[in-house]
Amino acid sequence: MAPPQQQLISDALAQELQDAGLVWHPEAGDHFRIRAEALAEDVFILSHMVIEAREFDTGTVLRFNGTTEWALDSVAKEDALWLPREDQLRDRLGAAFVRLERTDEGYALTMRRHDGTESTFTASTPAEAYGRGLLDLVR
C-alpha cells in the first residue's frame with residue numbers, strides 16, 4: 001500500500017510565508033521547488049539518500065547525490081522555495097492552534113492570538129487553511 005500523498009500549500013502561499021519571515025531549516029522529508037524556469041513544475045523532496053541539506057560557512061546548500069543524468073549537483077537554499085506540509089504548518093502554529101473543521105466550502109482553521117482573540121481562516125484544503133493562519137501569526 002502506497003503512503004498517503006503529502007498535502008502541500010501553493011507556491012504563492014509558500015512565497016508569502018517566506019517573505020513574512022518564516023524560516024526554513026531543511027530536513028529530510030521537506031518538499032521544495034527550485035527557482036529556475038526549467039524546473040518550476042518539479043517538486044523535490046529532501047532525503048539523506050538523494051537530496052541532502054549541507055551546512056557550509058557560506059550558507060546551506062541542497063546537494064543532489066547520484067544525479068549523474070542531470071547537470072545539477074547542488075543548489076543554494078536561497079534558490080529553493082520550501083513547500084511546507086500540512087503537519088509542518090500545524091506544528092508551527094503551536095499553541096495558537098484551536099481547531100480545524102470541515103465546511104461546505106472546504107476547511108476552517110480557528111487559532112488564538114497572544115491577546116486571547118480568535119481568528120478563523122478558510123481555504124479549500126487543510127494545508128492552505130493552516131498556511132493562511134500561520135501567515136497571519138508570522139506577520
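Every test in (1) in contact with a Pro (Cβ under 7 Å, 6 or more places away or on another chain); (2) at pLDDT 95 or above is passed by A53 save one, and that test is (2). If only residues of the stretch 81-96 that are open to solvent by 80 Å² or more (accessible area, probe 1.4 Å) and free of Cβ contacts under 8 Å to residues at least 40 places away in the same chain are counted, the one that is nearest to the chain's Cα centre (by Cα) is D91. A single member of R33, R99 is modelled with pLDDT of 90 or more, surrounded by fewer than 12 Cβ atoms within 10 Å (Cβ to Cβ), basic (K, R) and in contact with a strand residue (DSSP E or B) (Cβ under 8 Å, 6 or more places away or on another chain), and it is R99. Among the residues of the stretch 104-125, are any under 16 Å from the mean Cα position of the chain (by Cα) and of a type in the set (S, T, Y)? Checked the stretch 104-125: at least one residue is under 16 Å from the mean Cα position of the chain (by Cα) and of a type in the set (S, T, Y).
The values are calculated or read from the model by the stated rules, or taken from the named source; none is laboratory data. Everything numeric in this text was worked out from a predicted model, so none of it was measured. Every residue, glycine as well, gets a Cβ built from its backbone with ideal geometry; the counts of neighbours run over all protein chains shown. Keep in mind that these areas ignore ligands, DNA and RNA; they rest on the heavy atoms of the full protein, side chains included. Shrake-Rupley method; radii C 1.70, N 1.55, O 1.52, S 1.80 Å.
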